[in-house]
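A.B. asks: Shown below is the structure under consideration.
A short reminder: the numbers here are calculations on the coordinates, not readings from a lab. Just so we're clear, the structure is a prediction, and the values are computed from it rather than from any experiment. Methodologically, a virtual Cβ is constructed for each residue, glycine included, from the backbone with ideal geometry; neighbour enumeration extends over all protein chains shown.
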Ligand SMILES: [Zn+2]
């Protein structure tokens, strides 16, 4: 529908420079430039390297997005930008750019929450989100369970990782096994050749005593250490390390905990919809296991296609579109980047 | 033509509106906030207020000039991405200029050291003669700036490091002195000679340390701090103010941050000629602090 708002979204919270354009719930463009290759040799994202790459990529990525959507900046109704959480220096590049575009083209700017944007992106694929919903966001930077009553208004965090993020665990285990970076896709592939039941790796924060205090929290640090110990013990004994079995068993431990807690969060809150987002949502085993378990309880699982699960501009535009439609006031031009932006703020108040 | 100038290479966020005519420049408005952590928040409202003050709309602008640094990266990028995004939205060219040059030009006649705070107890610096850059930009500890100025003006040949420390010492002293005299006059030669001796001493120290099996590669020995008197007449920039006692020359306390009009003046020829704009890349004088991981650390001990 042509009368729905045309919203542009800018994402620079980590190593992806993303610019997306949506009209209502329809995705028109999703241009992305990634600096992931520049970080690979460091085994993780280097903030300064990411910030440099954002500055270089921003203008050309914007050009591609506008061409893909066949619109000009003058046609845009509002500009949304990730103002947090994320890497401070990286966020700042996107926020400053958003203000530059907004100022020059005389458009309102919305500083939005990156995590809420991960939830909003699903509407581009599956239409309006039934609310309340439970959202599970799992990536190299976050592992959160959220109760979403009204995405434009606020989100209630139910739990989060108390140490490593889920994606971080994949990266660290991949490095341990000499598989490369980023670890998620490689372990997913390697695990297909292995037996997920071959090694019983620990399930963090699932013991009754842990559940009392951390019912919906996650912990992956112990799992990572357990994998390291298991591998080293093998190496010391001079035995070959069964890479595929280790990958499959590790992946099973992660997915088991994630899906069990997500389904439990749905049931406890009487919610019939589970949205999964973030880079780890692209994991094939996570998708299968979540659907298997959700089906038993009549819960609908919504997972956007992998390109929309990882960080991108479309998710920011999707959330911006919801905010504009709901009549939320835009942010002001002194909008800060907030590396620790809380989930209670879906957008920065004007 | 109306030109917007932006600079965030120092603790100041500067926005200025300058009119460029066929034969001159006219400053219309300028705003500045000095806060090393507020570039991201302050710059856009400042631009808006600067334009409003002059009754100018963004679409009236014909070009944007931005200070490329050197400066602390995080703040510097705010100014550059703001200039780039505005230029793209308005379809107007963006031109980059060295932020230190803005200060150097504004400092006027004579021999001037421009120094800005590079944090970590270092300064970004360059030297100017009658507003035109002679050396730099570079980054160094304040006490090493004099040595860097002399070294930059010394023929490469004399900078060659002989493996024998004594040869290096003799070479450094004789040639640096000779070069310094021809470059900056006899007055500065005393400074150069002192520097050469200090460098020679450092080289001897390193050679000795290497013989002792101590690896000092990549890390120069601590040389004594030497002022820049004799090399320049005065200094400007907030780095010059901060380390005034080290430099030992008069500091222009009114000239601490790059003025917008001076930045535009540096690009005026390109603006008048309608030269194509350029992608704005910061003057990165430092490499990112990132270390490649070595082998995997065992968790079992
Ligand atoms: Zn994310």
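A.B. asks: I'd like the orientation of helix A:284-296 relative to chain A: the angle between its Cα long axis and the longest Cα principal axis, in ° from 0 to 90, rounded to 10.
C.D. replies: Rounded to the nearest ten degrees, it is 90.
A.B. asks: So how far apart, in nm, are the two label points at residue A:64 and residue A:193 if each is 7 Å from Cα heading toward Cβ?
C.D. replies: Distance between the two pseudo-spin positions: 3.2 nm.
A.B. asks: In whole Å, what are the Cα extents of the range A:144-208 along the three principal axes, biggest one first?
C.D. replies: Computed over the range A:144-208, the largest-to-smallest principal extents equal 43, 31, 21 Å.
A.B. asks: Assuming R0 = 51 Å, what is the FRET efficiency of residue A:269 and residue B:33, from their Cβ-Cβ distance, to the nearest 0.05?
C.D. replies: According to the calculation, E is roughly 0.65.
A.B. asks: Another question, if that's okay. How crowded by other chains is A:144-155, given as the mean number of beta carbons from other chains within 10 Å of each beta carbon?
C.D. replies: Per-residue shielding by partner chains comes out at 0.
A.B. asks: Follow-up question, since we're still on this one. So if I restrict to the alpha-carbon atoms in the protein assembly as shown, what is the Rg, and what is Dmax, the biggest pairwise distance, in Å?
C.D. replies: Gyration radius and largest Cα-Cα distance of the protein assembly as shown: 28.9, 90 Å.
A.B. asks: Between 0 and 90 degrees, rounded to the nearest ten: what's the tilt of helix A:313-325 against the longest Cα principal axis of chain A?
C.D. replies: 50 degrees
A.B. asks: For the range A:1-127, calculate the relative contact order in percent as a whole number, restricting contacts to Cα pairs under 8 Å that are 6 or more residues apart.
C.D. replies: Once divided by the residue count of the range A:1-127, the mean separation gives 28 percent.
A.B. asks: Moving to a separate point now. Under 18 Å from a label point 7 Å along Cα→Cβ of residue B:281: give me every residue in the range A:49-64 with its amide N that close.
C.D. replies: From the range A:49-64, the list is A:49-61.
A.B. asks: With each label point set 7 Å from Cα along the Cα-Cβ vector, what nm distance links residue B:1 and residue A:77?
C.D. replies: Output for this residue pair reads 3.7 nm.
A.B. asks: Counting each DSSP H run of 4 or more residues in chain A as -39500 (n - 2.57), what helix-only mean residue ellipticity at 222 nm follows after dividing by all residues, to the nearest 500 deg cm²/dmol?
C.D. replies: For chain A, the value works out to -14000 deg cm²/dmol.
A.B. asks: Here is a follow-up. Ratio to report: Rg/Rh of chain A, with Cα atoms as the point set and Rh obtained by the Kirkwood method; give two decimals.
C.D. replies: Values: Rg = 20.1 Å, Rh = 20.4 Å.
Checking Rg against Rh, the ratio lands at 0.99.
A.B. asks: Ok, one more. Counting partner chain Cβ atoms within 10 Å of every residue's Cβ in B:38-47, what's the average?
C.D. replies: Across B:38-47, the average partner-chain Cβ count within 10 Å equals 6.
A.B. asks: Highest GNM mean-square fluctuation, chain A, Cα pairs closer than 10 Å: which of A:161, A:268, A:61?
C.D. replies: A:268
A.B. asks: Now a separate question. Determine the relative contact order of chain A: mean sequence separation of Cα pairs under 8 Å and six or more apart, normalised by residue count, in whole percent.
C.D. replies: It rounds to 26 percent for chain A.
A.B. asks: In addition: Using a 7 Å offset from the Cα along the Cα-to-Cβ direction at both residue B:121 and residue A:131, what is the distance between the two label points in nm, to one decimal?
C.D. replies: 5.4 nm
A.B. asks: Which order results if A:42, A:220, A:201 are arranged by neighbouring Cβ count within 10 Å, fewest first?
C.D. replies: So the ranking, lowest neighbour count to highest, is A:42, A:201, A:220.
A.B. asks: Could you work out how far the C-alpha centroid of the range B:224-285 sits from that of the range B:1-34, in angstrom?
C.D. replies: The distance from the Cα centre of the range B:224-285 to that of the range B:1-34 comes to 15 Å.
A.B. asks: Between residue A:305 and residue A:291, what is 0.36 nm times their sequence separation minus the Cα-Cα distance? Round to one decimal in nm.
C.D. replies: Difference between extended and current length: 3.6 nm.
A.B. asks: Averaged over peptide A:328-334, how many Cβ atoms belonging to another chain are found within 10 Å of each residue's Cβ? The partial results should precede the final answer.
C.D. replies: Values: counts 0, 0, 0, 0, 3, 9, 9.
Taking the mean over all residues of the peptide, I get 3.
A.B. asks: Something else now. Taking 0.36 nm per intervening residue step and subtracting the Cα-Cα distance, what contour gain separates residue A:207 from residue A:26 on full extension?
C.D. replies: Gain in length upon complete extension: 60.8 nm.
A.B. asks: In degrees between 0 and 90, to the nearest 10, how far off the longest principal axis of chain A does helix A:88-105 point, with axes built from Cα atoms?
C.D. replies: 20 degrees
A.B. asks: Still on this structure, I have one more. Please find the FRET efficiency linking residue B:49 to residue B:26, where r is the Cβ-Cβ separation and R0 is fixed at 25 Å, and quote it to the nearest 0.05.
C.D. replies: The computed FRET efficiency comes out at 0.85.
A.B. asks: With r defined as the distance between the Cβ atoms of residue A:284 and residue A:156 and R0 fixed at 30 Å, what FRET efficiency is calculated, to the nearest 0.05?
C.D. replies: Approximately 0.50, to the nearest 0.05.
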